[in-house]
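Peer 1: Have a look at this one.
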């Protein structure tokens, strides 16, 4: 179980970080569009397509990575009051009832959309230049498979927690700015208290 969790976390992190570079691509592309549109009155024909395709791809391909790091939004005002074993039991049931059927539906429906799109080499009806989008329909299937791989790891985490009473957390490679600032304030307060104790 532990080896699989580590494997799934690594796979999710690789895809999440690789596709995270799309943010730079979008920022540069959008910045260029703003410059030429308002500075030179020469708008591009590709900026709209670039922004929604890149953002959609980024959103889909970062789902498993976000799941592995516990970054999805959850209403935990009750959940956080429970013991870890209770949390793990509830998570296990919710994964089996909601997560896996939803992800399997995503993969199957995505496969149908992608296969049909590749068959007639679909182009965007919203694009001013009719760019091909059949290759981007494949992202739905890949994202679903990545979520499935990571979902199994999350179930293993829940089982591990039910046995040990502690959650097995993923490596912390990214964190919210406010979490980091709060920790720095707590460390500074602890250092000040220690300094005050030593002085008295």
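The values are calculated or read from the model by the stated rules, or taken from the named source; none is laboratory data. Remember, it's a predicted structure, so these values are computed and weren't measured experimentally. We place every Cβ from the backbone using ideal geometry, glycine too, and count neighbours over all the protein chains shown.
Peer 1: Pick out the one residue from 108, 35, 96, 81 that is out of contact with any strand residue (DSSP E or B) (no Cβ under 7 Å at 6 or more places or on another chain), farther than 27 Å from residue 5 by Cα and surrounded by fewer than 18 Cβ atoms within 10 Å (Cβ to Cβ).
Peer 2: 35
Peer 1: Would you pick out the residues in the stretch 81-95 that are within 18 Å of residue 159 (Cα to Cα), assigned to a helix (DSSP H, G or I) and without any contact (Cβ under 8 Å) to a residue 12 or more places away in the chain? Break it down stepwise before answering.
Peer 2: From the stretch 81-95, those within 18 Å of residue 159 (Cα to Cα) are 82-95; that's our starting set.
This time we only want the ones that are assigned to a helix (DSSP H, G or I), so: 84-95.
86, 90, 93, 94, listed by residue number.
Peer 1: Can you say whether residue 50 is farther than 27 Å from residue 10 by Cα, crowded, with 16+ Cβ neighbours inside 10 Å and within 22 Å of the chain's Cα centre (by Cα), as far as the supplied structure shows?
Peer 2: It is true that residue 50 is farther than 27 Å from residue 10 by Cα, crowded, with 16+ Cβ neighbours inside 10 Å and within 22 Å of the chain's Cα centre (by Cα).
Peer 1: Within the stretch 56-77, is even one residue at pLDDT below 90, on the phi > 0 side of the Ramachandran plot and part of a loop (DSSP other than H, G, I, E, B)?
Peer 2: yes
Peer 1: Just checking, how many residues over the stretch 142-188 are closer than 16 Å to residue 102 by Cα and under 15 Å from the mean Cα position of the chain (by Cα)?
Peer 2: Taking the stretch 142-188 first, the residues closer than 16 Å to residue 102 by Cα are 142-152, 154-155.
Okay, now just the ones that are also under 15 Å from the mean Cα position of the chain (by Cα), so 142-151, 154.
Result for the stretch 142-188: 11.
Peer 1: Take the residues in the stretch 115-141 that are touching a helix residue (DSSP H, G or I) at 6+ places or on another chain (Cβ under 6 Å) and under 30 Å from residue 97 (Cβ atoms); name whichever of them is modelled with the lowest pLDDT.
Peer 2: 137
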